[in-house]
Amino acid sequence: AADMPERLVREAIQNSMDAALGGEPVRVRFAFSGIDHSVPTHRAMDYLNGLTEHLDAVAVEQPARPRDDGAASQFNDETQAVYRAARLVDQPLEWLVVEDFGTRGLTGNIKANGANEPGNNFWGFFRQFGISTKGEDAAGSWGLGKWVFPDASQINAFLALTRRPGETESLLMGLAILKTHERDGRRYPAYGHYAASDPAADSEWFQLPVRSS
Amino acid sequence: TPHWRFAEMTPAQIAENP
């Protein structure tokens, strides 16, 4: 965590440079809300709905599991961090925003979901969970470095808003990277998405962004 | 309303990642 600010700034700027439109400078802005511009609790829930119970599940599960020697496992640093994160959502929500300008945004077919989607930045940012082979093309820039975004968040989650060339609507989607966990007798993967509502069963569900003008 | 969602793991996924 010591080099988190450097990792975050380097990754964000590199991604923005790779997405430069050309003809104008790329600008990247980093801003912290601080407590003064935090989101009040009642409004923050719009962005946390469905996440808090999974944070709670991760927080309570780890220490409850017995170790191999039968002793109760200790809270480790990571578990403590998640437990604190689960409490954060009851408070005004402070945030960090990274904005870029003069860039293409997260381009690519939002419905593509192959094992590899060269050049599809939307896929690379939200759907690529395997290890990327560097140097394939621009999508390679969405390799392991992108995990700095959830890493930088105390609740291991971020939202991304993008407007792509030629489109009037913006797309909003989020990604949370926790740990595998159990809730109500069901097992869940480490990752979840903030996405448009969809009545499909989990086995059929394909996360899609929220569209908004 | 948009919201966070985690898809329940399938038996095959659990076997791969217990």
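The values are calculated or read from the model by the stated rules, or taken from the named source; none is laboratory data. All figures in this text were calculated on a predicted structure; none of them were measured in a lab. Neighbour counts run over all protein chains shown; Cβ positions are idealised from the backbone, glycine included.
Per-structure values
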| item | result |
| --- | --- |
| First in the stretch A:41-58 and more than 10 Å from chain B (Cβ to nearest Cβ) and surrounded by 19 or more Cβ atoms within 10 Å (Cβ to Cβ), second anywhere and part of a helix (DSSP H, G or I) and not polar (S, T, N, Q), Cβ under 6 Å, 6 or more apart | A:Val58/A:Val82 |
| Subset tally (residues that are among the acidic types (Asp, Glu), outside any loop (DSSP other than H, G, I, E, B) and facing chain A (nearest Cβ under 7 Å)) for chain B | 0 |
| Those strands (runs of 3 or more DSSP E) lying entirely in the stretch A:140-193 with at least 3 residues out of contact with any Leu (no Cβ under 8 Å at 6 or more places or on another chain) and either more than 12 Å from chain B (Cβ to nearest Cβ) or buried (at least 18 other Cβ atoms within 10 Å of the Cβ) (or both) | none |
| Selection from the stretch A:183-213 of residues that are touching a residue at least 40 places away in the same chain (Cβ under 8 Å), within 17 Å of A:His54 (Cα to Cα) and over 19 Å from the mean Cα position of the chain (by Cα) | A:Arg183 |
| Options A:Phe101, A:Phe126, A:Phe122; residue that is over 24 Å from A:Ala196 (Cβ atoms) and at pLDDT 80 or above | A:Phe101 |
| Any hit, the stretch A:84-96, residues being within 30 Å of A:Leu21 (Cβ to Cβ) and either surrounded by fewer than 18 Cβ atoms within 10 Å (Cβ to Cβ) or at pLDDT 75 or above (or both) | yes |
